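Structure, as C-alpha cells:
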Amino acid sequence: MQEELKANGEQVDYALRVTNETHSNLLKLSVGGVKLEMLVDSGATNNIGDEETWDDLKVKKIKCKSEAAPIDRKLYAYAFSKPVKGRFICEVLIGRGKAQAEFPVIKAKGVPFLCKDTVMKLGVLRIGADIATVAGTRQTLQQQP
C-alpha cells in the first residue's frame, strides 16, 4: 500500500496506485515476440496496454492481430473509465508458460499489466488451498526414476 502526506499534513492511503515508477514486481516476458515488462494485477479481469506501449510494440514489429475498438467500449476501474483505442491479440511467453491473450489499448499512459486469467494460464500465479501443501511429495519423489 502506498502512503502519501498531503500539504495539509493529512495522510492518504492508496489500495492500488499504478505509476511509471520503477516496479520490483514487473514480469519480463515476450508479447508477440517482443520483450516487455508488465505488472501482474491478480484482481484485474482484462490485460491492459497503454498507447505508448502499443506504439513501441508496433515499432518493434510485434506479431499479433490488431483491430480498432468499438467506439462505445470503455474499461472501468476504481471509479473512473478510460476509452479503449483498440486491441491486439497475441501469444505471451514466460519460461515454459504460453498463452493467447487479448490486450485492450487504453487512451492513457501507464504501466501495462496482465490480468489474473492470463498469469494463471502462464503458470505464474496459482490460487488455492493446496498451493503450499507438501503432502504426498515424498511418495511422488520415490516413484520417479
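Please treat every number below as a calculation from the coordinates, not as lab data. These numbers were taken from a predicted model, which means no experiment stands behind them. A quick note on method: Cβ atoms are made from the backbone with ideal geometry, for glycine too, and the neighbour counts reach across all protein chains shown.
Our coupling estimate for the stretch 90-98, obtained by passing each phi through the Karplus curve with A = 6.51, B = -1.76, C = 1.60 and θ = phi - 60°, is 7, 8, 10, 10, 8, x, 8, x, 9 Hz, Gly and Pro reported as x. Ordered by the number of other Cβ atoms lying within 10 Å of each residue's own Cβ, fewest first, F113, F103 fall into the sequence F113, F103. Note on the stretch 21-126: Kirkwood hydrodynamic radius from all Cα pairs is 13.9 Å, rounded to one decimal.
Among the listed pairs K61/K116; K60/K116; K85/K109; K63/K85; K58/K85; K60/K107, those with a Cα-Cα distance over 24 Å are K61/K116; K60/K116.
Charged neighbours of C64, selected by a Cβ distance under 15 Å, balance to +4 (K, R count +1; D, E count -1). Note on A129 and K63: their simple-model spin labels are 4.3 nm apart, each label 7 Å out from Cα toward Cβ. Based on the Cβ-Cβ distance from K121 to N25, what FRET efficiency comes out when R0 is 25 Å, to the nearest 0.05? So, using R0 = 25 Å, E works out to roughly 0.85. Fewest-first ordering of K107, K121 by other beta carbons within 10 Å of each residue's beta carbon gives K107, K121.
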